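Okay, so here's the structure we're looking at.
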Amino acid sequence: MSSSVFLKNYMETFVWEYLDEILKKYPAICQCDICRHDIVAIALNNLPPKYIVREKGELYSKIDTLDTQYRIDVITALTRAAMIVKDQPRH
């Protein structure tokens, strides 16, 4: 197996990239590691996975992220997840 072959859910990377943007809008939400991970986990469970199999695939996935509806879906899922964690923090 070549070292350039891997399997990754690119949606996870994309969700983490938008997390801080969402948390800035809601300063009352705890930003500890547990709450941050809970928000991401809830959001990912409500978004379709976007698996990539190799480095070339990652490039194509990044191109897909430029779609406005795609970004809106991620921001919506993160916002909903943040509200859930705000109301029921596990820490």
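Laboratory data are not the source of any read-out in this text; all were calculated from the coordinates shown. This is a predicted model, so every value here is computed, not measured. Neighbour counts run over all protein chains shown; Cβ positions are idealised from the backbone, glycine included.
Just a few scattered comments:
- Going by neighbour counts of Cβ atoms within 10 Å, the residues GLU12, GLU17 line up, fewest first, as GLU17, GLU12.
- Here the 3J(HN,Hα) profile of the stretch 32-46, calculated from phi with Karplus coefficients 6.51, -1.76 and 1.60 at θ = phi - 60°, is 5, 4, 5, 5, 4, 5, 4, 4, 5, 4, 5, 4, 5, 5, 10 Hz, Gly and Pro shown as x.
- Per-pair calculated FRET efficiency, R0 = 22 Å: GLU21 and TYR70 via Cβ, rounded to 0.05: 0.90
- Note on ILE39, ILE29, ILE72: ascending count of other Cβ atoms within 10 Å places them as ILE72, ILE29, ILE39, the fewest first.
- Prolate/oblate/rounded call for the stretch 1-50, Cα gyration tensor, a/c under 1.5 rounded: prolate
- Proxy reagent accessibility, fewest Cβ within 10 Å first, across LYS86, LYS8: LYS86, LYS8
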